[in-house]
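One structure below.
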């Protein structure tokens with residue numbers, strides 16, 4: 001028998017960085033993600049792990065001895081050590097995990113290019129937690145760190161408000177179905193940003209004030225309620241300004257797309273991964289604009305969002 005655990009990828013529309021300190025954020029699960037397939041296998045007392053990309057090609061393989069999870073052999077040392085740390089953290093929560101002498105084969109299958117930055121780590125954590133029957137948030141906080149919004153998206157069926165109150169995640173489904181969604185596009189900046197490095201950089205700055213966090217939370221709520229593209233665009237510009245001042249970084253539109261006839265907003269860690277573009281341009285003209293700028297991956301909102309999230 002094969003067990004299967006699906007975890008959705010994510011995009012953080014508002015509240016990047018601020019969500020780490022308790023601001024409310026708006027996030028959506030996306031149609032892309034990873035599925036963990038686990039089945040018992042010979043030989044006993046051994047775990048074989050294989051990860052494949054969106055084309056079905058293996059990019060990582062490792063063998064672990066059970067129950068001590070010592071590495072027998074692996075294709076990449078750093079990936080192996082991160083995976084082993086996650087497995088041991090699962091064991092910390094669930095002492096019986098992988099200790100019964102049974103052999104296992106695990107296949108972690110992605111259905112999107114992993115360099116897109118839609119949550120290759122969070123979907124791994126979420127799916128692994130489901131298999132091990134442990135708390136996915138505790139697993140994330142113990143190992144990779146972060147706010148946990150990506151874990152919430154991994155199991156969400158639609159858009160959410162996400163907020164950390166203390167260290168407790170609060171997840172609220174939100175009916176974010178903008179009537180102008182056909183004017184929204186996600187554009188890949190052709191490089192993956194290191195989220196953990198960006199979190200460390202943000203932590204080196206002064207602690208955000210309650211007033212700033214409240215302002216971000218208020219914009220999150222207003223964005224979710226916007227009924228016109230013009231209103232939504234104005235709120236995105238205000239959000240970009242708040243974050244730009246706090247991070248001491250230029251907004252992505254100012255840096256890369258000053259002539260875009262609409263608004264462009266960074267998503268998640270600034271400087272890479274996806275941006276959100278909103279404009280009255282036709283879909284064809286929006287795609288053409290970004291292609292001519294050297295960014296060929298331009299995905300309409302309705303093709304990126306999890307279908308149930310519409």
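Give me the percent relative contact order of the stretch 97-170, please, defined on Cα pairs under 8 angstrom at least 6 residues apart. If you can, show how the numbers build up before the last one.
On the way: 39 pairs, mean separation 15.8, N = 74.
Relative contact order for the stretch 97-170 comes out at 21 percent.
Test of understanding: what is the full-extension gain from residue 76 to residue 241, defined as 0.36 nm times their sequence separation minus their Cα-Cα distance?
55.3 nm
Roughly what would the spin-label model give for residue 42 and residue 60, points 7 Å off Cα along C-beta, in nm?
If labels sit at residue 42 and residue 60, their model points lie 2.9 nm apart.
Work the Kirkwood hydrodynamic radius out for the stretch 14-93: mean of 1/r over every pair of different alpha-carbon atoms, inverted, in Å.
Values: mean 1/r = 0.0649 Å⁻¹.
Mean inverse Cα-Cα distance, inverted, gives 15.4 Å.
Within the stretch 93-109, which residues have the backbone N less than 16 Å from the label spot 7 Å out from residue 155 along Cα→beta-carbon, could you tell me?
93-94
Could you tell me what a quarter of the Cα convex hull surface of the stretch 176-309 works out to, in nm² with one decimal place?
Numbers: hull surface 33.3 nm².
That works out to 8.3 nm².
From the Cα trace of the stretch 59-213, what convex hull volume per residue do you get, rounded to a whole Å³? Before the final figure, lay out each step's value.
On the way: hull volume 25.9 nm³, N = 155.
Measuring per residue, one finds 167 Å³ for the Cα hull of the stretch 59-213.
Percent relative contact order of the chain, based on C-alpha pairs within less than 8 angstrom and at least six residues apart? Before the final figure, lay out each step's value.
On the way: 623 pairs, mean separation 73.1, N = 310.
Result for the chain is 24 percent.
Using C-alpha positions alone, give me the convex hull volume of the chain per residue in cubic angstrom. Let's see the in-between values first.
Working: hull volume 40.5 nm³, N = 310.
Per residue, the Cα convex hull of the chain comes to 131 Å³.
Tell me the mean residue ellipticity at 222 nm calculated for the chain from its helices only (DSSP H runs of n ≥ 4, each -39500 (n - 2.57), averaged over every residue, nearest 500).
Numbers: 10 runs with 108 residues, N = 310.
That calculation yields -10500 deg cm²/dmol at 222 nm.
Kindly express, to the nearest 10 degrees and within the range 0 to 90, the angle between helix 283-292's C-alpha long axis and the longest C-alpha principal axis of the chain.
Compared with the principal axis, the helix lies near 80 degrees.
Roughly speaking, what is the centre-to-centre gap between the stretch 80-151 and the stretch 225-281 when only Cα atoms are used, to the nearest Å?
32
Every number in this text was worked out from the coordinates using simple rules, so none of it is lab data. What you are looking at is a predicted structure, and each value in this text was computed from that prediction instead of being measured. Note that each Cβ is placed from the backbone with ideal geometry, even for glycine, and that neighbours are counted across all protein chains shown.
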